Amino acid sequence: MEMFESDGGRKTFFAEVLLPVPVPRLFTYRIPLNLNDKTRIGQRAIVQFGDRKIVTGLIFNIHEQAPKDFEAKYILELLDDFPAVNELQLKLFQWIADYYMCTLGEVMNAALPAGLKLSSESMVQIHPAFSLEETTHHFSEKEVMLLQRLAAGTMTYTEISKFLGVKFIFSILKSLSSKEAIILFEEVKEKFKPKTEKRIRLSAAFNNSKSLEEMFQSLASKPRQEAVLLRYLQDVPVLHDSHANKNGISRKSLLEGDISESSVNTLIRNGILEEFETVVPRFGFENSREANNIKLSDEQQRAHQEIIKSFDSQTTTLLHGVTGSGKTEIYISLIRKALESDTQVLYLLPEIALTTQIVQRLKKIFGASMGVYHSRFSDNERVEVWNGILSGKFKFVVGVRSSIFLPFDNLGLIIIDEEHDASYKQQEPAPRYHARDVAMILAKLHHAKVLLGSATPSVETYFQAKQNKYALVKIEKRFGEANLPEILLADTARKRKMKTLKGEFSRALLLHIEGALSRKEQVIIFQNRRGYSPMMSCEDCGWVPKCVNCAVSLTYHQYRHSLVCHYCGYREAVPHQCPVCTSTRVKTVGYGTEKLEEELNVFFPDAQIQRMDLDTTRSKNGYDSILGKFENGETDILVGTQMVTKGLDFDRVSLVGVFNADRMMHFPDFRSHERAYQLITQVSGRAGRRDRKGQVVIQTSNPSHPVLNFILQNDFETFFETEIADRRKHDYPPFTRLIEITVKHTDKKICQEASRHLGSSLREQLSRVKVLGPGEPMISKIRNLYLMSILLKMVRGKSDLIQVKGNIQNNIDALLKEQSFRNVRIIVDVDPV
Ligand code: ADP
Ligand code: ZN
Ligand code: ZN
């Protein structure tokens, strides 16, 4: 290695920088001498990429070796004084890139909230809580100039550079941002809007005991105003602590109890109280005053002890507890314990199970030390959580899939609730990671413990538990007096013959709904298809309207009165006649949630019916408002897709209807039985919590199907044995590992040829790997791209995964080098679900 001695006798260092671009390598930049002492691995650095672009990169490595064949550009600026990303994260990023066969840049893109990736496209805005009058001598002339200009409106990075006549403006921006005078954000539409709160305090003149006393005397004849002040003094001890007055009390909490609002306003008018507005942190939950008063039941206590004991010898424990067994209370107790021993805790939940319900329950207990990381949150909110972990404010995070990327440095416990849930797997774009599996690696890096929880564990996880790779703890009873619901099957095939079906509703389901409504109980109806009906069809010739971009039939949506493609969003008008035979009898076929809602309204005109699916929950608060109405009893019947199956806990639900179980079980995928078991059991679990025994009606044309029987008997064990035997027989996970390669191209022939090429070269080179295909996937064209897929099966332990993956990558690279396949897109999905 050649050593560089600089003029001043100081060494020249180089940094390997990770940039958020899909290029499979790091980029070398030179560290300016004046930053030598400040540069650390994990810091964000501003660098020039290409001719004009300026981007944020992550310092991955520091060394003294100059690149041989090019002149390294300088790092322009460091964005952090301390690393924003720690070395454990960098290791995790590397693991994800290797395991899921994607680039580090793609991982970085998924990991960092946009607000942490300042670039030449970034926008700058004055901080809403900042006032220009605050510009004292701490601000340079240029800074003041810029702030005055920004007061008139948002500017882009480039505009500022021009305005100030300075090429690199990062040090100015950084300085202003550290003084909380400006906010930087990505080119996203939303601006940062801090949450504000109205607060009330004593006017400064009365903030001493003498004038307070005098004032009370003057109010002697005004008891209501006096009451306000007494209440204030009770909550804000200004007499003992004159600083307490500065923060005052929120208007809302002052008005609690029987305090008169008009008296408060009078006091403000008379200058005794004053009102002011402050910015409150989004997650600044007031620290909880109430302690958790829940006591674990004996059954929960036993499970809790078993889990703690299992952690002595095992890293990972599976808690298999039936729905309603009170797993959450056990988690809470474990989280406390981990926090008490001063480690961080991550509690992972699937996207739609992370509801306001659970967040409020947790925040009552963990207060201000808890951060929430949700994809419905804006980028600013995500940055707040990220920084809150760095600063030590958040010791505990409850979050979705992507919270595995947060900058933890001392995790003690990771809880993965509903571990079986497929939404832990990211489908698009890369990295196509499985958060449960990555969380296990994360735990290993931190020497943390992992608790997997589910009422319906995945076959893979249960297998590991049976093999003693994970400890297994069970709860087979619901909490308290609650029993598991009673399940009955309604045979729709037989009823269709006997013509006792009303539409697609069995008499049994309708009668049960009627019964529940008459007892003022609530009902959930589950149907896993949104829209009005999944397709239309000509009754005379069988023609079906299809998407012009994808190989799927169009779904009819009544509220838009149009046909919509669920894969690409394409929309067209409903045809008045069949384009093939000109018949006018083009009718809807099948039931989506919209049609169910409509028919239920006809059967039960007095009931309040709400629909919960992707279409009704698109708006930011759509989801919470539907659940809110259901929770406070405004809604009698909730009709919905998968969304109604997860984690909801409502007292008054006594009936769950599964409208059509058949499609779930017959879906052509090796996991379809497992999925059906999980979905139906989970949705049934919404029925009859607390002291009511619930009922479940499952409509099916195949009532003797073994999966339904396992569900009926609540026999997970036999269900698992059957599944695992099947998996073993057909070489599916957990006995093999799968990699799915999808080849895409706008030209069907090129797509087929490329996939055949790739298939045969893989077959040649990977002798121990079973190469299946290429074949057309179930949907063979999406968004005008034809698809072909190849499935690789590797017997566990028989082939070297790293080698196989390297080999696959080489084959793909070679294919893409061929002239005719240059524009082919290839997607690799490791452990597809
Ligand atoms: P699971 O997640 O296992 O399906 P939950 O944690 O949602 O079950 O608990 C089911 C219900 O029982 C919830 O309403 C919860 O508040 C209640 N519950 C559970 N354990 C206790 C306890 N120890 N004391 C009081 N209520 C409990
Ligand atoms: Zn026709
Ligand atoms: Zn389409």
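The values are calculated or read from the model by the stated rules, or taken from the named source; none is laboratory data. These numbers come from a predicted model, not from an experiment. Note: ideal-geometry Cβ built from the backbone for every residue, glycine included; neighbour counts use all protein chains shown. In case anyone asks, the SASA skips ligands and DNA or RNA and just uses the protein heavy atoms, side chains included. Shrake-Rupley method; radii C 1.70, N 1.55, O 1.52, S 1.80 Å.
Per-structure values
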{"read-out": "Rounded Å value of the spacing that divides the Cα centres of segment 738-810 and segment 15-45", "value": "36"}
{"read-out": "For segment 345-436, size of Cβ-based charge dipole, Lys and Arg +1, Asp and Glu -1, in debye", "value": "220"}
{"read-out": "Segment 417-499: radius of gyration over Cα atoms, expressed as a fraction of 2.2 N^0.38 Å", "value": "1.61"}
{"read-out": "Label-point separation in nm, V166 to D409, each point 7 Å along Cα→Cβ", "value": "2.9"}
{"read-out": "Carbon plus sulfur fraction of accessible area for the chain, probe 1.4 Å, in percent", "value": "49"}
{"read-out": "Overall form of segment 627-717 per C-alpha gyration tensor (a/c, 1.5; a/b vs b/c)", "value": "prolate"}
{"read-out": "Qualifying GluC sites (Glu not before Pro) in segment 473-508, DSSP loop, other Cβ atoms within 10 Å at most 13", "value": "E476, E481"}
{"read-out": "Among beta bridges that DSSP assigns inside the chain, antiparallel share in %, nearest 5", "value": "55"}
{"read-out": "Pair E213, D98: separation of 7 Å Cα→Cβ label points (nm)", "value": "7.5"}
{"read-out": "Separation of alpha-carbon centers, segment 673-718 and segment 129-164, rounded to whole Å", "value": "62"}
{"read-out": "Per residue accessible area in Å² of segment 113-165, where ligands, DNA and RNA are left out and the probe is 1.4 Å", "value": "51"}
{"read-out": "Label-point separation, F70 to N468 (7 Å along Cα→Cβ), nm", "value": "5.5"}
{"read-out": "Cleavage-rule hits (GluC sites (Glu not before Pro)) in segment 68-127: DSSP loop, at most 11 neighbouring Cβ within 10 angstrom", "value": "E71"}
{"read-out": "Computed lengthening from E197 to E721, 0.36 nm per intervening residue step minus Cα-Cα distance", "value": "183.0 nm"}
{"read-out": "Which listed pairs, of K546/K595; K198/K620; K91/K393; K117/K142; K364/K466, have C-alpha distances above 27 Å, in listed order", "value": "K364/K466"}
{"read-out": "Whole-number D in µm²/s for the chain (Stokes-Einstein; Kirkwood sum over Cα pairs; 25 °C, 0.890 mPa s)", "value": "79"}
{"read-out": "Cα gyration tensor category, rounded, prolate or oblate, for segment 588-657 with a/c compared to 1.5", "value": "oblate"}
{"read-out": "Surface accessible to a 1.4 Å probe, per residue, for the residues of segment 479-540, Å²", "value": "53"}
{"read-out": "For the chain, cysteines whose Cβ has no other cysteine Cβ within reach (under 4.7 Å)", "value": "C102, C568, C751"}
{"read-out": "R0 of 45 Å, Cβ-Cβ distance F603-Q125: FRET efficiency to nearest 0.05", "value": "0.25"}
{"read-out": "Prolate/oblate/rounded label for segment 352-447 (Cα gyration tensor, a/c 1.5)", "value": "rounded"}
{"read-out": "Column: log10 I(q)/I(0), Debye, Cα scatterers of segment 35-190, q = 0.10, 0.11, 0.12, 0.19 Å⁻¹", "value": "-0.42, -0.51, -0.60, -1.27"}
{"read-out": "Peptide ranges 159-167, 666-674 listed from the most packed, as the mean C-beta count within 10 angstrom indicates", "value": "666-674, 159-167"}
{"read-out": "Cα centroid separation, segment 451-473 to segment 310-358 (Å)", "value": "15"}
{"read-out": "Reachable aspartates and glutamates, given that their alpha-carbon falls under 17 Å from the alpha-carbon of K395 and they are not under 8 places away in the same chain", "value": "E286, E340, D342, E381, E384, D409"}
{"read-out": "Under Karplus coefficients 6.51, -1.76 and 1.60, residue-wise ³J(HN,Hα) of segment 807-818 in Hz, glycine/proline x", "value": "5, 4, 4, 4, 5, 5, 4, 5, 4, 5, 7, 6"}
